[in-house]
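The structure under discussion appears below in the form of structure tokens.
The values are calculated or read from the model by the stated rules, or taken from the named source; none is laboratory data. Since the model is a prediction, treat every value here as computed from it, not as a measurement. Backbone-built Cβ (ideal geometry, glycine too); neighbour counts: all protein chains shown.
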Amino acid sequence: MANDREVLREIWDGKLPICFHLAQEEIMEIQQPDPFYVMVPRLSYFPLVIDKMKRHFLRFISQENSDSEMWLDFNGQPLKWHYPIGFLYDLYCGNDPQLPWTLTVHFTKFPEDILLHCPNKDVVEAHYMSTVKEADVLKHRGQVMSTMQKKDHNQLWLGLQNDKFDQFWAINRRLMESHGDNDGFKHIPLRIYTDDGVYNQRLVCPKNTDNSRKTLQQMISELYPEKSNVNLRTHGVIIPPETPLQWLSEHLSYPDNFLHLCLC
Amino acid sequence: MSANSLLFSINNEGKVYALSTNGSCWREFMYLGLEFKALSAVPHFLWAVGGDRQIYLHVHGLEIPIRVKEESYENERWLPMEGFSGRLLPTDRYHFSSQDGTKDRSIDHIRLPSMAWQWEGPWQLELTLDGQPLDHDGWTYAVDFPAQFGPAKQWKSCVRRRKWIRYRKFSAMNSWCAIAPLHKDPTQEPFIDISIGGNQMPYASPGTLVVWAITAQGRVMNRTGVSTTSPEGLKWINISIPPNCDIKQISVGPTGLVWGLLWTGRTIVRKGVTKDCPTGDSWLEVKPPQDTKLICISVGYNVVWAVSSDSRVWFRKGVEGNNSGTSESAAMGNGWLEITGNMIHVSVGINDQVFAIGEFDKCIYWRCGITAAELTGKKWKKIQANMQLSRTSSSASVVSSSSNTKHHSLTTLSETEPEKKTNLHLRNSWEESHSAPIEHTLPVKPQRQSRPRSQINTEKIDLTGKSYETTLKNPRAWSPVRSVGSVVGMEAQPDSDSSVFDVDSGMLFDDEISQTAWGSCETTWSYVEAGACLVDTVQIPHWFTDSHKVQNSDITAGWRIQILDYLRNRNKNQSLDFSDYGIAVEDKGWTRSCEARLVQANNSTEECIISLYWFDLENTGTLSVFQPDGTIKFILNLEELTSLTSVFVSSEPGCPRIVLAVPRQTECSIKIQFMTEFEQEEWLKMLIDIISQINGVTGKPSANSVWAITNAGDILNWDPLPAKLSNKKDGMYKKEFPVFGKNILSGYSTSLHNNFPPGSILKIVGCLFDEVQRFYIDFTGPEVKKQRHKIETEVSEIPFHFNVRFDEKIVVCNTKIFGSWGTEERHELPLAVGQEFNIEIYCHAQAFSVIINNKSYCIYEHRLNPESITSVTIQGPLKLYSMEYCTTSVIIGADEMFWRLMGGHLRRVECCEADVVWGISHDHRAWVYTGGWGGGMFQGISSNTGIHAMTDTHTYCVYENQRWNPLTGYTSAGLPTDRYMWSDITGKHKRTREHTKLLNRHWHWISEWMIDYNTPGGVDNDGWQYATDFPAPYHGKKLFTDCVRRRRWYRKAQINTEGPWIRAGNTALLDISLWAKGDEVSVWAVTVPGDAIYRTGVTPSTPTGNHWEHIDSPQLLMAISTCNNVVWTIGRKGELYHREGISVENPGGTTWKLIEPPKSNLYSHKTTGAKVISLATTVAWVVMSNGAVAVRTQISKEQPGGKEWRYITDSEISFKHISSVHKDVWGVSTDGTLQRRLGVTADNPAGSSWQRVLTGAAVYTSARGGSLC
């Protein structure tokens, strides 16, 4: 059970200062637009937090582009909107933190081969819900999600969208419960990413064969027997290797119920 | 949190160990010097077969001694010449007889049943009759014997009788007690097996127990007369078994069902075991599973488990404990089912939980996943608990003391250094429980409390040391035992023995030491007995490696602290200020609405839509109620809401409602009915969450809180601390009254919640109209009754009347006492018409001083005590801008009290000024508040600490009524004027079994409808009680004149919830009272059987205390209250007693003294019984059986009985509960309204009037935290 409210709250309240610049080639006005500064929840997704920023930049771009889809890049690397913001930061700036995080805003030249299209927030919701479902299949063979009602799913999504911790956790706690004899999850939903954004998703049990709790270190040595010194970062922090996986999954998962860990 | 219970087992050395469900270590159960072969237990009673093949009994863990009252009536007849004498007529009863006169009860022939019993004192006379005191000889008089006896001797009184009483006590508590052997020579017919059960036999009276045993000659013996009040029973009787049956093992289930196992591997079952015939009537045979021989069986409530010789485990399907006495198939079951696992021994515990010993590792396993629906469970789980090294092995002798190391025993001195250290640390937990077989020890209670502390240590050590030596010198001198009930082994200090009965202190030792002291579980076990073991399947004990214990330690684990630390410092590494960054997600309030029904006063409902709006940043919210067409009915500001409860109107469960109290808007509360329980719970949770945030209350309330219980068992708490802090200024408390715009012309009156004692100030700012002629300010006191011309009128005292008369150009000050004005004091006019003004009135010790427009104006000396002022009235043609009231203590009106739901389910709650809160649930168990908040349906909104699982049980009763008619006998066809044939106890309400519904989805039935054979008044074999007509006294035997009969059916329901409460002690309680002085908290309670007890060692840091001390009382009690070392109780007949001689040294006091009973009201001469008592420092508030309230004044330590009764005459409200301390007096009136007494002062301890605080459904309140201090 995810019952360590102190940690949950700290994770939930994690925010990133971001500075958005409009890409030079987009600017159609003589006057240079001011950069747009904003504090963004680490757990959220870009399409949910950029409405104000978009309005800010719209009057500086050509009218014919105003309806086209906006996308972001960091140092020339297009950012995938379907990953949580905090994870994207850890992936690209984790080793070399620079705040505020400076991102460039584009309205043209959508990189079709890299990014998925995101016409509206419903797409984000659909993607989000499917990820939660996938996580639940790993954790409880999908039993929790299937017993939830539609309004519970809604509450989960609205809680995330409106940054309401209690609203979100009222439902999410059910997803974080262990079933059966308190043995923990079936498997831990986690993805381990290398620097280039490629991830590795394996079936990981929260327990060792002798029924003791598996720690992060034990998982690392199972997955990377050849590497000696592996650190994993999530939510901007390096996880101590002795942390039990079950606890990690319950408390440090993103709202999509996955642990997104970056190798470093 | 379940209570502590014990799992017993025997290791391969024959030593008995116990594992507590609250602990995690095996502790050796008192070693007797002999090994044990077999055990059988129910809670508190452990029977065993010793290595000498004799039967031993161990009674343990009872907080209340087992006492039996012996009674004998001394009868005398009046004879001419001699007067009253013991010479009776030949047709009369015995000189000393039982109450009905049929038995000879000569007091010199009433003997102790065995050596295990002791008399508590000599024979005593009972000096009261139905609560009325008798003269010193205790005689009661009557015309002839079978008649009504009265206290007064009359001319026609021909006989008299008096009652002698004497208590005997079971003194072999916490010790092994030998049961007499069958023959003079104990070796002639030794025993081979023993089994106890029957503690849940259907319909049997509480306390019934059944014991069966097998002798080496193969005879089956039943012990008669065993019960919780007679633990050793009376004698063995032989029960014949079918020929060719060689019996080996026997097992009795909690329902009394008996299975026997034969040497051939077959089993026999006893048929017809019922409450009337606990030995059953014949044996039936049950075939073992095919091709196997059974070697061990154990009977549970609805199960039988067995192990066969090839170590396979078998489960018997179809056994039903409730019907096992009447149905053969329910007793025998209908088939064996193999369960995986290889075991050599199996034992079924409470709730059909199963424990077994593994074949290969000889470890004990628990079958997890057993529920009432799935009796076979899921899998075996190994119990891995640490092991206390044997106390009797030479490697760990513990007769040592850290305070005086010279007292080490010889064995300790020879030990190595680390082991010695161990002993020192373990001393506290071991020394007291040190056991030694002593032949002549009697249970002398240690005189610890009465001795100076310095002597205690030496005393204690001598005692244990000596007894220890006795063992060494002469280890077998006491054995075997020849007489019944010999006490063969005693705990050195039975009352304070902490060995196996407390939560083990294993966690207190640091790791290194615990390594040496607690061996890991290498022991091989040979026997396990679970009959007394209650495993909570929700919160399983810390016996398994993957239990909660590991996870709780996560909070302090290094990696967690590291992660938290990293997280907090994430953005701090950069020295940038992000405070002017915009927020990405616009923070808005959120709304939520749903369809519901609004409940009107006449219980009709109308459709509506409720909508909640909440904006957490601004801390504001509204609750709007719309009509279905969208027009607004009303909008509530959530800040004005003061209480929120879920109330289920008892006549119609299944109507989930929320009741909102908004005293600033309406008098009555607003009831909203929801479509489903889920919706109701969700809204309740949401509203509580929001309102707690608005009011800024989270976590633990302060010690001064007022607690209350609603009729749904919800616990409410009002904490005065936030209000105290917010209206405090310069040491004064200030309240502004909303006067702006009020019509003063017709008079504005408001109550002064704290009266107007010296130090109080009233400030008024306003503007006079041009046409003003007069205006006045009245400080009004309580209403008094005045008789004039035989007509009673109610008049108010006016201690201070300030009247400004522009027409007479003068100011008049006066006082109205008892309806008439005194001498006027006149002053010059300080004000002009049409002017703004500002008046301040100060109350000083001697006089009022009035300051007008910042200039001192006049002084008015007190003629009445200003503390009696309860309200202020202003009347005149003027406009008020503000009115401010300041006093030295906190001012809180009822409309400002926010009542918070605390979580849990209780019947009573009691608090005191030292932050200790106890509660009693409906099933009479005691609970202590842990300091948390939430649980149950409020999961997730509150603290997680201190929330424990909680259960409570309700018993529903319906009465079946029948009337006799000459043709058909008794039928359910009554007369048209009769009560309902299925009714409640009064007969006025129809109640049927089929229509009895549970309150909500958290309740579930735990029994079927059963006939109650223990209805007061006695019943016949079918549970009927007879009477001549409805409402009449009922009796159990049918008489010729009886025309009606009734019987009671009951069914039990249980709620599973969570709350910030933890169990304290196993004793069932009826009433409890707490009082704190500094860190010492005295806790007195009345047990369900009616004994007075007090708790030792209760402090704010250890709110559960240590254990109960029992106080002998001649009468059965029902209520208790304590304050300032004074204790009052109420007997079952409503009589009041106080306890003499209570002091710090002797907290138990010496004797009970009867208190003069109060009258039923001021004008009556009849006295009435009391039902509720609450003691304050100098007064006692008593609610009488008619609901009226009386106050006993001038109680002090010197005069603990008080001096005189005063009666509350200002109102007709009748009460069901009252709670008082200092000047705080709170009551619950019969209609469920919470009331507060105003105007309580030192001079007027009875107060002046009741103030309604919370309308609704309260049943209990405790204001003993001193909310106004």
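Data overview
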quantity: Residue tally, condition within 8 Å of chain B (Cβ to nearest Cβ) and assigned to a helix (DSSP H, G or I), over region A:6-20; calculated: 4
quantity: Answer from B:G932, B:G936, B:G969 - the residue that is at positive phi and either within 14 Å of chain A (Cβ to nearest Cβ) or modelled with pLDDT of 80 or more (or both); calculated: B:G969
quantity: Condition check for B:A532: more than 8 Å from chain A (Cβ to nearest Cβ), within 33 Å of the chain's Cα centre (by Cα), at pLDDT 80 or above and farther than 30 Å from A:P17 by Cα; calculated: yes
quantity: Close pairs from region A:230-249: first facing another protein chain (nearest Cβ under 7 Å) and within 11 Å of B:L567 (Cα to Cα), partner of a type in the set (K, R) and outside any helix (DSSP H, G or I), Cβ under 7 Å, at least 6 apart; calculated: A:H235/A:R42
quantity: Residue tally, condition assigned to a loop (DSSP other than H, G, I, E, B) and not charged (D, E, K, R), over region B:1068-1104; calculated: 14
quantity: Pair list, Cβ < 7 Å and 6+ apart or interchain, from region A:20-39 residues that are surrounded by fewer than 18 Cβ atoms within 10 Å (Cβ to Cβ) to residues that are among the small types (G, A, S) and at pLDDT below 80; calculated: A:M28/A:S62; A:Y37/B:G582
quantity: Among residues of region B:717-734, those that are at pLDDT below 80, buried (at least 19 other Cβ atoms within 10 Å of the Cβ) and not hydrophobic (A, V, I, L, M, F, W, C), counted; calculated: 2
quantity: One residue from B:G335, B:G321 being of a type outside the set (V, I, T), buried (at least 19 other Cβ atoms within 10 Å of the Cβ) and away from every other protein chain (no Cβ under 14 Å); calculated: B:G321
quantity: Residues located in region B:999-1037, provided they are at pLDDT below 80 and of a type in the set (A, V, I, L, M); calculated: B:L999, B:A1032
quantity: Lone unmet requirement of (1) buried (at least 18 other Cβ atoms within 10 Å of the Cβ); (2) over 21 Å from B:V1225 (Cβ atoms) for B:E896; calculated: (2)
quantity: Residue list for region B:1028-1045, filter: surrounded by 18 or more Cβ atoms within 10 Å (Cβ to Cβ) and in contact with a Gly (Cβ under 9 Å, 6 or more places away or on another chain); calculated: B:F1030, B:Y1034, B:V1044
quantity: Selection count, region B:1191-1212, where residues are in contact (Cβ under 8 Å) with a residue 12 or more places away in the chain and over 31 Å from the mean Cα position of the chain (by Cα); calculated: 4
quantity: The listed residue being closer than 30 Å to B:T622 by Cβ, of a type in the set (D, E) and at pLDDT 80 or above, out of B:D770, B:D714, B:D778; calculated: B:D714
quantity: Residues of region B:1211-1248 classified as aliphatic (A, V, I, L, M) and either outside the structural domain of B:T1122 (by TED's automatic domain parsing) or not in a loop (DSSP other than H, G, I, E, B) (or both), total; calculated: 6
quantity: Residue ranges of helices (runs of 4 or more DSSP H) in region A:145-264 with at least 3 members touching a Phe, Trp or Tyr at 6+ places or on another chain (Cβ under 7 Å); calculated: A:150-161
quantity: Residues of region A:46-57 classified as more than 11 Å from chain B (Cβ to nearest Cβ) and surrounded by 14 or more Cβ atoms within 10 Å (Cβ to Cβ), total; calculated: 3
quantity: Answer residue from region B:1138-1160, given it is more than 13 Å from B:I1111 (Cβ to Cβ) and among the charged types (D, E, K, R) and is surrounded by the fewest Cβ atoms within 10 Å (Cβ to Cβ) among those; calculated: B:E1145
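Per-residue answers, yes or no, for (1) surrounded by fewer than 16 Cβ atoms within 10 Å (Cβ to Cβ); (2) in contact with a helix residue (DSSP H, G or I) (Cβ under 7 Å, 6 or more places away or on another chain):
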position	(1), (2)
B:D104	yes, no
B:R111	yes, no
B:W123	yes, yes
B:T140	no, no
B:A147	yes, no
B:W155	yes, no
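The rows are residues; the columns are (1) among the hydrophobic types (A, V, I, L, M, F, W, C); (2) crowded, with 17+ Cβ neighbours inside 10 Å; (3) farther than 30 Å from B:W119 by Cβ.
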position: B:S171; (1), (2), (3): no, yes, no
position: B:I179; (1), (2), (3): yes, yes, no
position: B:A216; (1), (2), (3): yes, no, yes
position: B:V220; (1), (2), (3): yes, yes, yes
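Results for (1) basic (K, R); (2) out of contact with any Lys or Arg (no Cβ under 7 Å at 6 or more places or on another chain); (3) outside any strand (DSSP E or B), shown as yes or no for each residue.
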position: B:E808; (1), (2), (3): no, yes, yes
position: B:T815; (1), (2), (3): no, no, no
position: B:V833; (1), (2), (3): no, yes, yes
position: B:Y860; (1), (2), (3): no, yes, no
position: B:R863; (1), (2), (3): yes, yes, yes
